[in-house]
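The structure appears right after this line, and notes come after that.
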Amino acid sequence: MARPKPTDYSLYSAHYIMKVKEDDINSAFKNQQLLLEDFLQSIPDTKADYSYAEGKWTVKQLLQHIIDTERIFTFRSLWIARGSTQPLTSFDENVFAKEANVQNRTIDSLRQEMLAVRKTTEYFFNNLTNTDLSKKGKLNDHLVTVNALGYIMVGHVIHHIQVYKERYV
């Protein structure tokens with residue numbers, strides 16, 4: 001299936017989708033695997049509790065945010081692909097970060113979890129048909145396709161890798 005059209009997602013999501021170069025969501029997931037692995041391996045254990053400014057997330061909170069967001073967007077994709085017509089709502093990433101209790105987590109456990117979550121996302125998307133990918137559901141006050149949700153996930157990871165490199169390194 002081709003890249004999502006602007007009518008397939010909200011204006012807010014455009015900056016994530018624009019970060020993805022591939023014209024096929026499954027290729028985008030596959031091609032991002034090495035980037036994701038390299039990024040996760042580049043994070044030293046000594047950075048685990050580092051925050052670049054007062055009130056900003058630690059590296060562990062950042063990783064947990066990426067994991068949580070991937071899970072939520074995969075669930076949203078499942079919800080729409082399976083034909084549910086009930087609208088979906090947003091989530092407050094700052095509340096999630098605060099409630100995640102990453103204090104006792106290690107960078108390695110977060111690495112492993114992120115790779116496992118991404119693998120399940122890939123399995124799910126690899127088995128969707130073009131009809132599934134083109135299905136639209138209501139998220140907040142706009143319509144979004146399953147395909148666009150996949151692109152948002154890939155772009156979200158790219159975004160946070162860039163944030164990490166710009167502010168945490």
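Per-structure values
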quantity: Taking T46, T58 and counting other C-beta atoms within 10 Å, the order from fewest to most; calculated: T46, T58
quantity: Degrees between helix 59-81 axis and first principal axis of the chain (Cα, 0 to 90, nearest 10); calculated: 10 degrees
quantity: Reachable aspartates and glutamates from K60, criterion Cα separation under 18 angstrom, eight or more residues apart if same chain; calculated: E37, D38, D45, D49, D68, E70, D92, E93, E99, D108, E113, E166
quantity: C-alpha long axis of helix 25-42 to longest principal axis of the chain, angle in °; calculated: 0 degrees
quantity: Taking L149, L35, L110 and counting other C-beta atoms within 10 Å, the order from fewest to most; calculated: L35, L110, L149
quantity: Region 1-70 - convex hull of alpha carbons, volume per residue in Å³; calculated: 118 Å³
quantity: Cα shape, region 90-162, gyration tensor, a/c 1.5 rule; calculated: oblate
quantity: Dipole magnitude of region 6-168 about its Cα centre (Cβ charges: Lys, Arg +1; Asp, Glu -1), debye to nearest 20; calculated: 160 debye
quantity: Under 12 Å from the Cα of K138 - aspartates and glutamates, other chains or at least 8 residues apart; calculated: D8
quantity: Positive minus negative residues near A148 (Lys, Arg vs Asp, Glu; Cβ under 10 Å); calculated: +2
quantity: Expected 222 nm ellipticity per residue - DSSP helices of 4 or more, -39500 (n - 2.57), all of the chain, to 500; calculated: -18000 deg cm²/dmol
quantity: Rg/Rg_ref, region 1-149, where Rg_ref = 2.2 N^0.38 Å and atoms are Cα; calculated: 1.10
quantity: Listed pairs K21/K136; K21/K119; K56/K119; K21/K165 exceeding 24 Å between Cα atoms; calculated: K56/K119
quantity: Stretch gain in nm, segment K5-Q103, where the contour uses 0.36 nm per residue and the Cα spacing is subtracted; calculated: 31.2 nm
quantity: Neighbour-count order for Y164, Y151, Y123, fewest beta carbons within 10 angstrom listed first; calculated: Y123, Y164, Y151
quantity: Potential extension, Y12-E37 segment - 0.36 nm per residue separation minus Cα distance; calculated: 6.3 nm
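Readers should treat all values here as calculations from the given coordinates under stated rules, not as data from a laboratory. These numbers were taken from a predicted model, which means no experiment stands behind them. Every residue, glycine among them, receives a Cβ derived from its backbone with ideal geometry; neighbour counts consider all protein chains shown.
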